[in-house]
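Student: Below: one structure in structure tokens.
Derivation of every value follows stated rules applied to the coordinates shown; laboratory data play no part. Please read all numbers here as calculations on a predicted model, not as lab measurements. Heads up, the Cβs are rebuilt from the backbone with ideal geometry, glycines too, and the neighbour counts pull from every protein chain shown.
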Amino acid sequence: MEKIRVAVIGAGQFGQHHARVLRGLPRAELVGVADADLGRAEAVASRFGGRAVADYRRLIGSIAAATLAVPTALHDPIGIELLQQGVDLLVEKPIAADLESADRLIAAAGERGRILQVGHLERFNPAVEAAAALARLPLFFEVHRMSPFTPRSLDIDVVLDLMIHDLDIVLSLVASEIEQAQAVGLPVLSERADIAHARIQFRNGCVANLTASRISTERIRKLRFFQPRQYISVDYARQDGAVFSVGASRQIAFQPLAVERGEPLEREMAAFLEAVATRAAPRVSGADGRRALAVALRIRSEMEAHARLVEATLAANGT
């Protein structure tokens, strides 16, 4: 098997894990680690291999592919330059900070015939894959994603940081367009919303309730959906779940979700390298990433509208 020469761009929390996983994949040769903080790049390279550089451009010409784990606002300029230089790219979620930037990335990949995969990690969670195989006509979702506060990813709000994972999963399971979205959100420990709730209604009647918080006292990752005569529950973190079905005699049957556990990031990276090697379309395309971003930005807009309404109500009441 010919190895694919790969670089990790961005040596923060995500980039460190990218390097760790790539080092262990037989198809990958980790050529370099780039970060504006050279010391951070050197620390990651010393652990997992490759050449440490402060400027990612120094790696162009020696790599076939790269993973991009820099602040979201930099996905557009760095990603486009890599794609234009013939480098296949896995970009962390969200694909970009806005739809115009996402469109530029997608266009650059198309023009150069490059692979553009978006890092919606939960698509590669074995429990999610097992549940998705059973999804026929989901009509109601209840999703909770809670995390303790960390200083990571404070350049984006909780919708783009956490909820977007679940938005991508819901969108991949519901074969219908969105008819209506409502949302509320609140900044607590940062300047952007740290907790948010959204209610999405699809044209086919499906409704999805999603809650995300990065100021929780505990870590929760749960997805539940209902479809005719069936209820399916998934725990992302434990990689397990349950299936409740109603039979013809109205008796309820229970069975655990059949899951073959594995590290989602390893599966995601392996799928990316497979797409690079075979030139097949990636499982999570640029268009998928753009769709999730569009819904996330719509939810953010609804949150802002709700905040203005609350402010107007308080002002009217002299509070």
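Student: For the range 57-118, take the convex hull of the Cα atoms, compute a quarter of its surface area, and give me that in nm², please. Kindly include the intermediate steps, with their values, before the conclusion.
Tutor: Details: hull surface 14.1 nm².
Result: 3.5 nm².
Student: Same structure again: Pop out the Kirkwood hydrodynamic radius of the chain from its pairwise C-alpha distances, inverse of mean 1/r, in Å to one decimal. The partial results should precede the final answer.
Tutor: Details: mean 1/r = 0.0484 Å⁻¹.
Radius from the Kirkwood sum: 20.7 Å.
Student: Can you give the local net charge around residue 104? Use residues other than it whose beta-carbon is closer than 15 angstrom to its beta-carbon, Lys and Arg +1, Asp and Glu -1. Mind showing how you got there, number by number?
Tutor: Working: positive: 112, 114, 290; negative: 76, 81, 98, 100, 103, 111.
With Lys, Arg at +1 and Asp, Glu at -1, the net is -3.
Student: In addition: Can you pull a Stokes-Einstein diffusion coefficient for the range 178-248 at 37 °C (0.692 mPa s), Rh from Kirkwood over Cα pairs, as a whole number of µm²/s? All intermediate terms of the calculation are to be shown ahead of the outcome.
Tutor: Details: Rh = 14.4 Å.
Roughly 227 µm²/s, to the nearest whole number.
Student: While we're on this one: Which net charge results for the neighbourhood of residue 68, defined as the other residues with beta-carbon distances under 15 angstrom from its beta-carbon, given Lys and Arg at +1 and Asp and Glu at -1?
Tutor: Working: positive: 57, 93, 104, 114; negative: 35, 55, 76, 81, 88, 92, 155, 268.
Spelling it out: positives minus negatives among the neighbours equals -4.
Student: Over the C-alpha atoms of the range 226-312, what are the Rg and the largest Cα-to-Cα span, Dmax, in Å?
Tutor: 20.0, 56
Student: Where a ≥ b ≥ c are the square roots of the eigenvalues of the C-alpha gyration tensor, would you call the range 157-201 rounded, which needs a/c under 1.5, or, failing that, prolate if a/b is larger than b/c, or oblate? Intermediate results must be reported in sequence, preceding the final value.
Tutor: Details: a/c = 4.12, a/b = 1.92, b/c = 2.14.
Verdict is oblate for the range 157-201.
Student: Could you tell me how far the Cα centroid of the range 244-315 sits from the Cα centroid of the range 83-157, in Å?
Tutor: Cα centroid of the range 83-157 versus Cα centroid of the range 244-315: 8 Å apart.
Student: If you don't mind, there's one more thing I want to ask. Where Lys and Arg each count +1 and Asp and Glu each count -1, what net charge lies around residue 2 among other residues with Cβ under 15 Å from its Cβ? Write out the running numbers ahead of the final one.
Tutor: Numbers: positive: 3, 5, 27, 279; negative: 29, 88, 274.
Counting the neighbours of residue 2, the net charge comes to +1.
Student: I would also like to ask the following. In the range 1-77, what GluC sites (Glu not before Pro) fall in a loop by DSSP, with at most 14 other Cβ atoms inside 10 Å? Intermediate results must be reported in sequence, preceding the final value.
Tutor: Values: sites: 2, 29, 42; in loops: 2.
Here the GluC sites (Glu not before Pro) that fit, given the DSSP loop and packing criteria, are 2.
Student: Just subtract the alpha-carbon distance of residue 112 and residue 189 from 0.36 nm times their residue separation and send over the number in nm, one decimal. Write out the running numbers ahead of the final one.
Tutor: Numbers: separation 77, 0.36 × 77 = 27.72 nm, distance 4.22 nm.
Value of the extension gain: 23.5 nm.
Student: Can you give me the Kirkwood hydrodynamic radius for the range 134-260, using every pair of distinct Cα atoms, in Å to one decimal? Write down the numbers at each step before the final one.
Tutor: Numbers: mean 1/r = 0.0638 Å⁻¹.
With all distinct Cα pairs of the range 134-260 included, I get 15.7 Å.
Student: Quick check on the range 1-144: what are the equivalent-ellipsoid semi-axes from the Cα gyration tensor, as sqrt(5λ), descending, whole Å?
Tutor: Details: eigenvalues 150, 71, 46 Å².
Taking √(5λ) for each Cα gyration eigenvalue gives 27, 19, 15 Å.
Student: I would also like to ask the following. Please give me, ordered by residue number, the trypsin sites (Lys or Arg not before Pro) of the range 220-254 that lie in loop per DSSP and have at most 14 other Cβ atoms within 10 Å. Please list the in-between numbers first.
Tutor: On the way: sites: 221, 222, 224, 229, 238, 250; in loops: 229, 238, 250.
For trypsin sites (Lys or Arg not before Pro) across the range 220-254 that sit outside H, G, I, E and B with at most 14 neighbouring Cβ atoms in 10 Å, the list reads 229, 238, 250.
Student: Right, here's the next one. Per residue of the chain, what 222 nm ellipticity follows from adding -39500 (n - 2.57) for every DSSP H run with n ≥ 4, rounded to the nearest 500?
Tutor: Details: 8 runs with 110 residues, N = 319.
The per-residue figure over the chain is -11000 deg cm²/dmol.
Student: Using label points projected 7 Å from each Cα along Cα→Cβ, tell me how many nm separate residue 13 and residue 254, to one decimal.
Tutor: It is 3.5 nm.
Student: Let me ask another. Could you grab the Rg to Rh ratio for the range 106-197? Cα atoms only, Kirkwood for Rh. Mind showing how you got there, number by number?
Tutor: Values: Rg = 15.9 Å, Rh = 15.7 Å.
Ratio of gyration radius to Kirkwood radius: 1.01.
Student: Order of 173, 99, 273 from fewest to most other C-beta atoms within 10 Å?
Tutor: Working: 173 20, 99 13, 273 24.
The order, fewest Cβ neighbours first, is 99, 173, 273.
Student: For the residue pair residue 301 and residue 36, what label-to-label distance in nm results when each label sits 7 Å from Cα along the Cα-to-beta-carbon direction?
Tutor: Spacing of the two 7 Å Cα→Cβ label points: 3.0 nm.
Student: Give me 306, 18 sorted ascending by neighbouring Cβ count inside 10 Å, so fewest comes first.
Tutor: Numbers: 306 15, 18 30.
Fewest to most other Cβ atoms nearby, the residues stand as 306, 18.
Student: How would 303, 163, 1 line up from fewest to most surrounding beta-carbon atoms within 10 angstrom? Could you put the intermediate results ahead of the total?
Tutor: On the way: 303 22, 163 29, 1 6.
So the residues, fewest neighbours to most, are 1, 303, 163.
Student: Assigning unit charges at the beta carbon (Lys, Arg +1; Asp, Glu -1) and nothing else, what dipole magnitude in debye, to the nearest 20, does the chain show about its Cα centre? Could the numbers behind the result be given before it?
Tutor: Details: 38 positive and 38 negative charges, 152 e Å.
Dipole of the chain, to the nearest 20 debye: 740 debye.
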